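So the structure is just underneath, and the comments pick up after that.
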Amino acid sequence: MSNTDRYTKKKIKSISSETLNGENYSRSDFARSILNYPAMMVPSVQEPIFEKLSEALNNEVSLLDPFMGASNTLVTGMKYGMNVFGQDINPLSVLLSQVKICFYENSELIDAEERLNNLIVSDKSESVEVTFDNIDKWFTKEIQIELSKIYRAVRREPILKTRKFFWVALAETIRLTSNDRTSTFKLHMRPVEEINARQVSAIKTFISISRKNILNISNYINILSQNGCIKKGKYIKNATVLWGDTNIEIRTNKKFNLLVTSPPYGDNQTTVTYGQFSYLPLQWIPIEDIDDTIIFDYLKTTQYIDNKSLGGQINDSDNNITERIFERSRTLKRFVTQFKDNDLKKKAGKVTRFIVDLDNSIDKMLPKMKKDSFLVWTVGNRNVNKKLVRNDLIVKELFASKGVEVFTDLEREILSKRMPGRNNFSNMMSREKIIIFKKTK
Ligand SMILES: C[S@@+](CC[C@H](N)C(=O)[O-])C[C@H]1O[C@@H](n2cnc3c(N)ncnc32)[C@H](O)[C@@H]1O
């Protein structure tokens with residue numbers, strides 16, 4: 001290990017556990033609170049690591065997040081003036097990320113807000129703009145009418161980036177005004193009595209969310225400006241986000257010297273159902289306003305996005321694939337082969353399927369990383385069949401099988417990660433490992 005590496009490692013190891021555990025930072029700062037996307041990264045974890053690695057890379061950083069989610073990693077990278085690129089399989093993540101990395105003048109948003117509010121309140125039409133199976137189950141008639149007024153008003157906005165901004169506000173409005181319970185990411189209807197007793201207005205909710213988002217994005221842009229990262233109304237470096245399946249490809253020809261990501265912990269169905277969470281909002285947002293390169297039919301069923309995400313395919317693993325992944329990870333093999341009962345075996349098989357996809361995704365990422373680049377993985381362990389899946393060890397073994405070694409690692413306790421309490425997910429994960437690899441070849 002070179003002296004510079006030794007110095008960087010020491011600096012990283014000196015990050016205090018209070019900082020890592022999130023005691024010094026506000027979770028709601030900057031653009032992070034624009035939409036409550038599940039399982040967002042917290043700044044406390046990221047910022048000190050960004051700072052130290054940026055220094056090690058002479059402050060010339062190209063950052064990749066191949067599972068960008070709410071793009072908090074990218075947004076943090078932009079605070080440090082990095083070139084950033086992210087992709088995600090979930091169209092809602094893409095829309096949200098497009099908004100968070102975009103430069104908006106405060107006045108253009110305030111003008112648009114006023115225009116929209118005028119259109120919405122003067123719209124007397126009762127027609128509903130969107131149809132899909134079970135719309136009446138998920139939205140009351142009154143809410144459908146109100147959402148349609150908002151929908152018509154946003155569609156009339158001439159500038160695409162402005163429409164994107166307000167589609168995000170609409171997405172959050174839908175989360176808060178549909179008949180879905182917000183306590184879990186899975187779609188679950190509220191009890192009928194509760195729906196009937198609820199006093200909720202989509203228009204009022206939209207107006208207040210739009211106002212809050214304008215404030216948040218403006219605060220964030222002010223921080224970028226103060227850091228010297230905005231010149232002539234533009235971010236000084238390149239920031240790109242795309243829809244993409246990391247299991248298939250990273251959709252850029254660029255090369256990177258830093259990768260920071262927090263991949264899923266398992267297949268979406270049994271961990272965090274990002275797809276179900278996004279299903280209702282996505283019904284109301286025109287695909288052409290998100291990304292016209294999206295090539296999958298994400299509105300087909302409530303499960304579609306989750307089934308297409310890592311580990312989502314249910315087909316039984318082919319024996320050769322299983323053998324090959326077991327060769328790469330002894331920890332995975334030991335975990336899976338301990339179960340004899342058919343039901344338990346089936347559940348453990350889903351872990352194999354997920355790790356096969358994760359391994360495949362790593363193969364897509366590594367060629368995009370330059371020599372001497374760093375890869376920062378935040379990984380959590382979880383229980384399956386009441387036994388711990390050591391994702392941290394598995395990930396280390398997968399990287400080792402590709403000749404990429406651990407540079408250093410850190411551990412943090414999760415204080416209040418935004419996981420719904422009811423499915424006990426938060427109980428299952430109370431620690432996360434931050435594993436930093438260095439690609440030396
Ligand atoms: C834990 S979140 C990422 C959080 C993010 N780092 C942040 O800071 O907000 C994991 C993301 O992986 C995405 N994902 C799952 N399978 C994927 C795939 N095959 N390709 C791309 N993204 C995928 C999910 O849609 C989800 O948004």
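The values are calculated or read from the model by the stated rules, or taken from the named source; none is laboratory data. Small disclaimer: the values here were computed from a predicted structure and weren't measured. Here the Cβ is made from the backbone with ideal geometry for all residues, glycine too, and neighbour counts use every protein chain on show. Surface accessibility is based on the protein's heavy atoms, side chains included, excluding ligands, DNA and RNA. Shrake-Rupley method; radii C 1.70, N 1.55, O 1.52, S 1.80 Å.
Just add up the charged neighbours of residue 15: K/R +1, D/E -1, any other residue whose Cβ is under 15 Å from the Cβ of residue 15. Could the numbers behind the result be given before it?
On the way: positive: 9, 10, 11, 13, 52, 412, 433; negative: 18, 23, 47, 51, 55, 409, 411, 413, 432.
With Lys, Arg at +1 and Asp, Glu at -1, the net is -2.
If Rh is defined by the Kirkwood formula over all Cα pairs and Rg also comes from Cα, what ratio Rg/Rh do you get for the chain? The partial results should precede the final answer.
On the way: Rg = 22.1 Å, Rh = 22.8 Å.
Here the Rg-to-Rh quotient is 0.97.
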Report task. Extending each Cα 7 Å along its Cβ direction at residue 135 and residue 318, get the distance between those two points in nm, one decimal. Result -> 4.3
Query raised in the report: Under a plain spin-label model, where a point goes 7 Å from the Cα along Cα-to-Cβ, how far apart in nm are residue 292 and residue 255?
Result: 3.3
Report summary line: For the chain, longest principal axis from Cα atoms; helix 319-328 axis from its Cα atoms; angle between them, nearest 10 degrees, is 70
Report summary line: Summing -39500 (n - 2.57) over every DSSP H run of at least 4 residues in the chain and dividing by its residue count gives a helix-only mean residue ellipticity at 222 nm, to the nearest 500 deg cm²/dmol, of -14000 deg cm²/dmol
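Under a point-charge model restricted to the Cβ atoms of Lys and Arg (+1) and Asp and Glu (-1), what is the dipole moment magnitude of segment 301-354 relative to its Cα centre, in debye to the nearest 20?
Values: 12 positive and 7 negative charges, 46 e Å.
Rounded to the nearest 20 debye, it is 220 debye.
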Requested in this report: For the chain, with a Gaussian network of springs between Cα atoms less than 10 Å apart, report the residue from 369, 189, 41 with the top mean-square fluctuation.
Outcome: 189
Report task. Using only alpha carbon pairs under 8 Å that are at least six residues apart, calculate the relative contact order of the chain and give it in whole percent. Result -> 19
Query raised in the report: Quick one: helix 106-122 against the long Cα principal axis of the chain, what's the angle to the nearest 10°, folded into 0 to 90?
Result: 50
Query raised in the report: Out of residues 5 or more away from residue 407 or on other chains, whose amide H comes under 5 Å of its own, with H placed 1.01 Å from N in the peptide plane?
Result: 436, 437, 438
Report summary line: Taking only the alpha carbons of segment 106-217, the radius of gyration and the largest Cα-Cα distance, Dmax, both in angstrom, are 14.3, 43
Query raised in the report: What angle do you read, to the nearest 10 degrees and between 0 and 90, between the alpha-carbon axis of helix 274-283 and the longest principal axis of the chain?
Result: 20
**Report entry** Nearby aspartates and glutamates by direct alpha-carbon distance to residue 232 (threshold 16 angstrom, same-chain neighbours under 8 apart not counted)
**Finding:** 105, 108
Query - Accessible area of residue 107 in the full protein assembly, 1.4 Å probe (Å², nearest 10) - result: 70
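Using the crude model of +1 on Lys and Arg Cβ and -1 on Asp and Glu Cβ, and no other charge, please compute the dipole size for segment 302-419 relative to its Cα centre, in debye to 20. Present the calculation step by step, with values, prior to reporting the outcome.
Working: 25 positive and 17 negative charges, 46 e Å.
So the magnitude is around 220 debye.
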**Report entry** Euclidean distance of C-alpha centroids, segment 334-402 and segment 121-187, integer Å
**Finding:** 38
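Would you work out the charge dipole size for the chain about its Cα centre, treating the Cβ of every Lys and Arg as +1 and the Cβ of every Asp and Glu as -1, and quote it to the nearest 20 debye? Mind showing how you got there, number by number?
Numbers: 68 positive and 53 negative charges, 259 e Å.
Approximately 1240 debye in magnitude.
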Query raised in the report: Residues with amide H under 5 Å of residue 384's amide H, sequence separation 5 or more or different chain, H placed in the peptide plane at 1.01 Å from N; which?
Result: 389
Requested in this report: Convert each backbone phi in segment 293-298 into a coupling constant with the Karplus relation 6.51 cos²θ - 1.76 cosθ + 1.60 (shift: θ = phi - 60°), then list the ³J(HN,Hα) values in order as whole Hz, x for Gly and Pro.
Outcome: 9, 5, 10, 10, 8, 5
Report summary line: Residues meeting the amide H criterion for residue 242 (H placed from the backbone, H to H distance under 5 Å, 5 or more places apart or on another chain) are 86, 87, 88
